[in-house]
Amino acid sequence: MINEKKRILLSSPALYKIVFSIHSFEANSSEKSLENYLNSIINFCKIADGMTNIITALRLWNYDKDYLKGNSLLNADIFNIIEKAFDIEEINAENLLSQRGIKLSDKIYLQGAQRFEWPDLNRDEISQKAFCYGLRDRDTG
C-alpha cells in the first residue's frame, strides 16, 4: 500500500512524521513475505529521508508485559532485515526498549515498546491505577 500512496505522502508539505507499525505483519495474514513487506517500507523511509523533512519511524511494539504476551516470533528476522538495509552491525533489543528508539538514519528511527492493547470494557481488570498521557500537557487555563 505504501507504494500506491508514496507520491502523495512525499509531496504533502504539512506532513511531519509517519510511523509504521511493523509489528502488525505478524498479527495479520499477508501474501507478501516479511522481507518484501519491510523492504517496501524501508525504501519509502529512505526516499523520504533523502527528499523531504518527514521523520519516519519503524514501530516494534510487541514485547511481553507481565500480563500480556506479545507476538514477537519474527523480531530476530525483522532485526536482520533492518540491519542489512541500514548497514548496522547489530540491533540490541534491550537498548531498543530502554531508549526512546534507535536512530537508523538522519530522520529514520526504530522504536520498541511493550505490546499495547486497546482498552476493552469486556476485558478483565488489570489494574486500579491509570494515567492518561494524552492529557498531561493539556492547557487547563
Notebook entry, point to check: In this model, which of LYS6/LYS46; LYS6/LYS103; LYS17/LYS107; LYS6/LYS107 are farther than 20 Å apart at the alpha-carbon?
Noted result: LYS6/LYS103
Notebook entry, point to check: Taking neighbour Cβ counts within 10 Å as the exposure measure, how do ASP124, ASP49 sort from fewest upward?
Noted result: ASP124, ASP49
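Say R0 is 25 Å: what FRET efficiency, to the nearest 0.05, do MET51 and MET1 get from their beta-carbon distance?
Values: r = 20 Å, r/R0 = 0.78.
The value I calculate is 0.80.
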Next item on the list: List ARG7, ARG59 from most exposed to least, where exposure is judged by having the fewest other Cβ atoms within 10 Å.
Entry: ARG7, ARG59
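Read-outs throughout are calculated quantities, based only on the coordinates presented, and are distinct from any laboratory measurement. The shown structure was predicted, so the numbers you read here are calculated from the model rather than taken from an experiment. With ideal geometry, Cβ positions are generated from the backbone for all residues, glycine too; neighbour counts draw on all protein chains shown.
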